[in-house]
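Structure first, then comments.
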Amino acid sequence: MSKVAIVTGGTRGIGLSITRALRDEGYEVAATYHGNDEAALKCADETGAKTYKFDVCDYDACVQGVQQIEADMGPAAILVNNAGITKDGTLHKMSPDSWHDVIETNLTSCFNMSRAVINSMRGQQFGRIINISSINGQKGQFGQTNYSAAKAGIIGFTKALALESAAKGITVNAICPGYIETDMTKQMRPEVLDMIVKQIPVSRMGKPEEIAGLVVFLSSDKAAFMTGATFTANGGQYMV
């Protein structure tokens, strides 16, 4: 069975932790990225993963990128759709570009990458697709109509693709992280972070490694009976 995993946005933040955790489990990991060459070099040095630069918003680029990955490493058994951005703003002030950029990067990328690997996985009669959604795709968030819509869309995408793929040995699941300690959250104002932590019953933010551990489990044979599921990892901040 193939031990190749693709992690989009896999060179920074939660994605880097996922890349590292899958490598530690013995997977050959292709970490994709779009813009930060320095972070990609650091990721490759630290984890031993191979990095591939292309735009997950571009369908043709995804097809070509996956073809290159599979030529270099073999067919993918695992796909983690992690790439994402935010461009926050209330709807009455939001530009069309801010809407489309977030929808394309967070949601359309899941189609682009899943479409690029699905036939190979069906041929192998095995696959694991893990989509990183968000707590804000479940409950909504002020100033994030674009982000919340994209992350909610990922949950629906996950359920439908799981139904289509189950008979072919492919599981498709979503993870909804809450507030996680990353470079992005570290840039937030301390008073805002304090307010957020007060809303989390476990009284702390999550660690990227905690999301990565769940990805590793869902990638394993132990999770073969789990598909179409949405897993929350938010410290009790939003319970479903």
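All of the numbers you see were taken from the coordinates with simple rules; none came from a lab. Bear in mind the structure is a predicted one, so any value in this text is a computation, not a measurement. Quick reminder, even Gly has a Cβ in these numbers, built from the backbone with ideal geometry, and neighbours come from all protein chains shown.
R0 = 22 Å: FRET efficiency of LEU193 with ALA44, Cβ-based, nearest 0.05? So, using R0 = 22 Å, E works out to roughly 0.10.
Suppose every K and R has +1 on its Cβ and every D and E has -1 on its Cβ; what is the size of the dipole of segment 4-233 about the Cα centre, in Debye to the nearest 20? The dipole of segment 4-233 has a size of about 660 debye.
Approximating the spin labels as points 7 Å out from Cα along Cα→Cβ, the PHE142-to-LYS53 distance works out to 4.0 nm.
Fewest Cβ neighbours within 10 Å first, please rank ARG204, ARG23, ARG115, ARG189 accordingly.
By the 10 Å Cβ count, ascending, the order reads ARG189, ARG204, ARG115, ARG23.
Dipole orientation for segment 4-233: of the candidates LEU22, PRO201, GLN187, PRO201 has the Cα lying most toward the positive pole (charges on Cβ; Lys, Arg +1; Asp, Glu -1).
If you place +1 on the Cβ of every Lys and Arg and -1 on the Cβ of every Asp and Glu, how big does the dipole about the Cα centre of segment 1-120 come out, in debye to the nearest 20?
For this selection, approximately 220 debye.
As a proxy for reagent exposure, HIS92, HIS34, HIS100 were ordered by neighbouring Cβ count within 10 angstrom, fewest first; the result is HIS92, HIS100, HIS34.
Go ahead and estimate [θ] at 222 nm for the chain from helices alone: -39,500 (n - 2.57) per DSSP H run with n ≥ 4, summed, over the residue count, rounded to 500. The helix-only estimate for the chain comes to -14500 deg cm²/dmol at 222 nm. Rounded to the nearest 20 debye, the dipole size of segment 129-240 about its Cα centre is 180 debye, using +1 on the Cβ of Lys and Arg and -1 on the Cβ of Asp and Glu. Taken one residue at a time, the phi angles of segment 164-170 give Karplus couplings (6.51, -1.76, 1.60, θ = phi - 60°) of 5, 10, 4, 5, 9, x, 10 Hz. Gly and Pro are set to x.
Going by neighbour counts of Cβ atoms within 10 Å, the residues CYS110, CYS176 line up, fewest first, as CYS176, CYS110. Of PRO75, TYR52, ILE118, which is farthest towards the positive pole of the chain's charge dipole, taken about the Cα centre with +1 and -1 on the beta-carbons of Lys, Arg and Asp, Glu respectively? Going by the charge dipole, the pick is ILE118.
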